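Read through the structure below, which is laid out as structure tokens, and then see the notes.
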Amino acid sequence: MQDFLFSGWGAFWVTLFMLMPFAAMLAYIVYRKSVFDTGPGTTPVKTLSKMEGIWLTFVFVFFVGINLGSLKYMPYIAEARAATSGLPLQEIDVTAKSWGYEMSSRQVEAGRPVRFSGRSVDTQHGFAVYHPDGRMLFTMLLMDGLKQPTTVVHTFKEPGTYKVRCLEYCGIAHHVMLDELTVVKSN
Ligand SMILES: [Cu+2]
């Protein structure tokens with residue numbers, strides 16, 4: 001369920017769901033004020049501010065809840081967790097160059113965090129890793145001229161063949177900038 005909520009469609013439905021109360025309220029107010037209650041409102045100001053308070057509290061709690069719940073998906077948190085997990089990091093150095101990748105390894109173990117350190121030597125490239133079922137797991141933007149590599153820590157859960165694609169338009173052969181990673185069962 002949570003995986004769905006943080007997918008593209010999940011975000012779409014959550015957004016739509018959050019807009020529904022506003023749409024319903026607007027329709028109700030327009031209907032009331034234009035059809036059978038055209039005079040000034042009779043709701044006491046005290047009640048109005050109480051309702052406002054309840055609504056604001058709900059929005060605040062919901063907003064903070066969603067933000068806290070999504071924290072663990074942030075790359076910095078994943079990196080910090082991997083660093084404190086006690087499991088040794090698997091390191092992969094990635095060098096992007098029009099139109100392909102050099103990688104220090106293309107095989108990793110499932111269940112152990114992998115740190116991808118990426119650089120570009122010519123222009124802007126992407127490094128997006130896709131689950132065998134087609135879902136994108138993460139992407140890195142690799143820019144040329146940076147002193148530090150761009151890093152992402154990811155722990156693969158299932159063995160399989162994962163596709164790598166460049167998601168930054170980088171020239172005439174951008175579409176062939178593909179690669180693969182093999183995730184094997186941990187020993
Ligand atoms: Cu590209």
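The values are calculated or read from the model by the stated rules, or taken from the named source; none is laboratory data. Keep in mind it's a predicted model, so treat the numbers as computed, not measured. Note that we place each Cβ from the backbone using ideal geometry, even for glycine, and neighbour counts take in every protein chain shown. In case anyone asks, the SASA skips ligands and DNA or RNA and just uses the protein heavy atoms, side chains included. Shrake-Rupley method; radii C 1.70, N 1.55, O 1.52, S 1.80 Å.
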Quiz item: Conditions: (1) closer than 24 Å to Lys163 by Cα; (2) in contact with a Phe, Trp or Tyr (Cβ under 8 Å, 6 or more places away or on another chain); (3) open to solvent by less than 60 Å² (accessible area, probe 1.4 Å); (4) not aliphatic (A, V, I, L, M). Glu79 meets all but one. Number of the miss?
Solution: (2)
Practice problem: From Met51, Met74, grab the single residue that is loosely packed, with under 12 Cβ neighbours inside 10 Å, more than 16 Å from the ligand (Cβ to nearest atom) and closer than 19 Å to Thr151 by Cβ. | Solution: Met74
Quiz item: If the Cβ limit is 7 Å and pairs must be 6+ apart or interchain, which residue in region 169-187 that is of a type in the set (Lys, Arg) pairs with which residue that is surrounded by 12 or more Cβ atoms within 10 Å (Cβ to Cβ)?
Solution: Lys185/Ala110; Lys185/Pro159
Exercise. Sort out which residues of region 126-180 are within 16 Å of the ligand (Cβ to nearest atom) and β-branched (Val, Ile, Thr), and write them in order of number.
Key: Val129, Thr139, Thr150, Val164, Ile172, Val176
Quiz item: Checking Asp3 against (1) surrounded by 10 or more Cβ atoms within 10 Å (Cβ to Cβ); (2) under 31 Å from the mean Cα position of the chain (by Cα); (3) of a type outside the set (Val, Ile, Thr), which single condition isn't satisfied?
Solution: (1)
Quiz item: Within region 106-115, can you find the residues that are open to solvent by less than 40 Å² (accessible area, probe 1.4 Å) and either over 14 Å from His154 (Cα atoms) or in contact with a helix residue (DSSP H, G or I) (Cβ under 8 Å, 6 or more places away or on another chain) (or both)?
Solution: Pro113
